[in-house]
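Below: one structure, written as structure tokens.
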Amino acid sequence: MSGFKTKKKSIAAKRGAKGKKGFYITTAIPYVNASPHIGHALEFVQTDAIARFQKLAGKDVFFTTGADENSLKNVQAAELRGITTQQLCDQNSELFREFAGKIGASNTVFLRSSSKREHWPGVQRLWKLCVKRRDVYKKKYRGLYCVGCEAFYKESELVNGLCPEHKRKPDVVEEENYFFRLSRYQRRLAKLIESGELKVLPEAHRKEALAFVKSGLEDFSISRSVARAKGWGVPVPGDSSQIIYVWFDALGVYLTGIGYGTDEAKFKKWWPADMHVIGKGITRFHIIYWPAMLLSAGLPVPKSVFVHGYVTVEGQKMSKSLGNVVDPVALMDEYGADVVRYYLLNEIPTFEDGDFSEARLIEKTNNELIANFGNFVYRVLSFLKANFNSVVPKAGKLGKDDSALLKKIEETKTAVSKSMEDYKLQDALHAALELAAEGNRYFQKKQPWETIKSNKRDCDTTLYVSVNVVRALATLFWPFLPFSSEALWKQLGIKDKIDVFENVGKKRLESGHKLGEIAPLFRKIEVMEEKNMQAKKKVEKKAEKKVEAKVEMKSEKPVIPFNEFQKLDLRIGRVESAEPVPNSNNLLRLIVDFGDQKLQAVSGIARWYKPEDIVGREYMFMLNLERKKFMGVESQCMIFAAEEEDGVPVLLVPEKQVKPGSWVH
Ligand SMILES: [Zn+2]
């Protein structure tokens, strides 16, 4: 105990001794068994906005991210693709590195957990320190393991026998593993969380973690057999039969990213972390396991954990089986990184779940980002270019409106700063936008295009005030929209790097300052949908004219011409999974495999068919029926059933097994 305290004090002293205060922040270290999705984008953008704000606040910032590569999932994914695990990790971690750059993450390092030089020594040292503290012991273990989570579950934690995160059956694993004596840290963890020494944001997650700690902590497995790990991962020091458990190792990136095990001076400068930014699915690892491991090793615990929510897509949980995974890189290629950053920071409440919708992104870009911020900035700069040869004029006597707007800059600076100190990113961005809106209103009211003819002095003042609002906006937006801010800074003709927060409103562009080349910061997104719809209707009308109904038949329904019938996309699909739709006693949600694609069907058969009756079997489906939502769940295809006299549905099955995706004629 006392040893730990002394050590902590000395580290804190070293860190404070430097003139500039430091700030160490991390993202969770993403698994790289697939490419980045929109959820990663949210985490990276939130982390980056905080990191950039801290820089503006005058701090020295270190930002660690990287790739969690030592997981079993990577071994399996590589096997499926017929390449080595190393090859897979090389490819996938590169996707993440590129993604981080593209989205404008200002990370200091990108550390791969497969790095034998930079990562392994630190993790092995952490292990040895926990062993020394007698917190590591060997035990035969039998448990339910979800490869998706890389974690063991208790029977009671499963939902209908399935992993609550992945909705799949965990594997039964039996082997001898090393365990970490977490139970020993219950009291100290409770105290850390309760006292706020380890701050958890938001409050709901703090409460949840505290309740979990108080309910009693069990020791957890921190290694696996070399056989099960297929030899992939960091070896347990002194035991060649075991590999360090993926979480013990991945969490270690937070230490090794700043030199733990390789560069002691650097490590001492930055540790403990000021903030770990994580998703809500991994709170237990960060708020409980991780601090306990650090306490065991005699290291200070992180100061805070920031927990963000999940991103749904068009109201649905994002999943590969639904085929609705949003690729943030494609999105950035289409719309630009700042547009994506703007959406994630502005639309999604900072600590809550939020929804992604491309239509909403377009709407927000055009109606908020461009109409407000982009428009104001371009109006001011282009007016200066056209009428003042891009030179800032000298202000006359300030009127009421002029002073009010200059004062608003100060107020906005305070509001943004306050929100960012509380990590309320959405509120901070709203405050910055409000200044741009105020600038727009001011410009409109002052009508410089009139006063330039009638009252030149007043016009000069308006432009002087306006261009200085633009200057303030460039700094205020930098944590959120760094690419646009930096472009704007250049357009303002300022040579130095972007201003620190302190200077916002204080430093001004004075008369005689020459602006740089100007250009609109954003381009309006054209909505093509309407045009496509019109074209489609024309084609359909033509087809209708060709209709010739000659067949006579007995039916209450109208005769369908052959070419109309041909429009039906009928296929055989294999039901891959089925589950009840929440709050409905008749709807089942099916994921159906059609060979080249998977679609979701919502079907009113739950009273007659149980999921296990239909999973794994083939049925007939229609794929191009208008999509419709039932109880909020979208049905993307329709299953066929015959109806018995009493209304009981009987599903139609092919006479013998056919390949999923086969056409039905
Ligand atoms: Zn899972």
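The values are calculated or read from the model by the stated rules, or taken from the named source; none is laboratory data. All of these numbers come straight from a predicted model, not from anything done at the bench. Positions of Cβ are generated from backbone atoms using ideal geometry, with glycine treated the same way; all protein chains shown enter the neighbour counts.
If the condition is being over 23 Å from residue 365 (Cβ atoms) and outside any loop (DSSP other than H, G, I, E, B), then region 483-524 contributes 501, 502, 503, 514. Residue 445 satisfies every condition listed in (1) farther than 16 Å from residue 393 by Cα; (2) without any contact (Cβ under 8 Å) to a residue 40 or more places away in the chain; (3) over 35 Å from the mean Cα position of the chain (by Cα) except (2).
If you go through region 154-167 and keep only what is within 8 Å of the ligand (Cβ to nearest atom) and at pLDDT 90 or above, you end up with just 163. Scan region 130-139 and tell me whether some residue there is touching a residue at least 60 places away in the same chain (Cβ under 8 Å) and within 21 Å of residue 74 (Cβ to Cβ). No, region 130-139 contains no residue that is touching a residue at least 60 places away in the same chain (Cβ under 8 Å) and within 21 Å of residue 74 (Cβ to Cβ).
Answer yes or no: is there a residue in region 465-472 that is under 29 Å from residue 102 (Cα atoms) and within 28 Å of the chain's Cα centre (by Cα). Looking for residues that are under 29 Å from residue 102 (Cα atoms) and within 28 Å of the chain's Cα centre (by Cα), one finds none in region 465-472, hence no.
The single condition among (1) closer than 16 Å to residue 117 by Cα; (2) among the charged types (D, E, K, R); (3) out of contact with any helix residue (DSSP H, G or I) (no Cβ under 6 Å at 6 or more places or on another chain) that residue 249 does not meet is (3). Put simply, of 233, 216 the only residue that is more than 16 Å from the ligand (Cβ to nearest atom), part of a loop (DSSP other than H, G, I, E, B) and over 31 Å from the mean Cα position of the chain (by Cα) is 216. Quick check: anything in region 328-336 within 17 Å of residue 310 (Cβ to Cβ), touching a helix residue (DSSP H, G or I) at 6+ places or on another chain (Cβ under 8 Å) and surrounded by 15 or more Cβ atoms within 10 Å (Cβ to Cβ)? Looking through region 328-336, at least one residue is within 17 Å of residue 310 (Cβ to Cβ), touching a helix residue (DSSP H, G or I) at 6+ places or on another chain (Cβ under 8 Å) and surrounded by 15 or more Cβ atoms within 10 Å (Cβ to Cβ).
Is it true that residue 373 is at pLDDT 95 or above, under 29 Å from residue 328 (Cβ atoms) and in a helix (DSSP H, G or I)? In short, yes. Residue 237 meets the conditions (1) surrounded by fewer than 16 Cβ atoms within 10 Å (Cβ to Cβ); (2) closer than 22 Å to residue 143 by Cα; (3) touching a residue at least 60 places away in the same chain (Cβ under 8 Å) in every case but one. The failed one is (2).
Condition check ((1) part of a strand (DSSP E or B); (2) of a type in the set (Asp, Glu)) across all residues:
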residue: 49; (1), (2): no, no
residue: 54; (1), (2): no, no
residue: 64; (1), (2): yes, no
residue: 76; (1), (2): no, no
residue: 79; (1), (2): no, yes
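Would you check if residue 187 is in a helix (DSSP H, G or I) and crowded, with 16+ Cβ neighbours inside 10 Å?
On the way: in a helix (DSSP H, G or I): yes; crowded, with 16+ Cβ neighbours inside 10 Å: no.
Against the criterion (in a helix (DSSP H, G or I) and crowded, with 16+ Cβ neighbours inside 10 Å), residue 187 does not qualify.
Scan region 477-496 and report the pairs whose first residue is under 24 Å from residue 347 (Cα atoms) and whose second residue is of a type in the set (Phe, Trp, Tyr), with Cβ atoms within less than 7 Å and a gap of 6+ or a chain change. Sorted first by the residue in region 477-496, then by its partner, the pairs are 479/53; 480/342; 481/342; 484/477; 485/477; 485/478. Among the criteria (1) part of a helix (DSSP H, G or I); (2) within 16 Å of the ligand (Cβ to nearest atom), the one residue 97 does not fulfil is (2). Could you please let me know if residue 174 is over 30 Å from residue 260 (Cβ atoms) and within 16 Å of the ligand (Cβ to nearest atom)? No, not satisfied. I'd like the full set of residues that are within 29 Å of residue 259 (Cα to Cα) and within 16 Å of the ligand (Cβ to nearest atom), limited to region 110-153. Across region 110-153, the qualifying residues are 149, 150, 151. Set side by side, the residues 407, 385, 364 differ, and just one is without any contact (Cβ under 8 Å) to a residue 12 or more places away in the chain and either touching a Leu at 6+ places or on another chain (Cβ under 7 Å) or outside any loop (DSSP other than H, G, I, E, B) (or both), which is 407.
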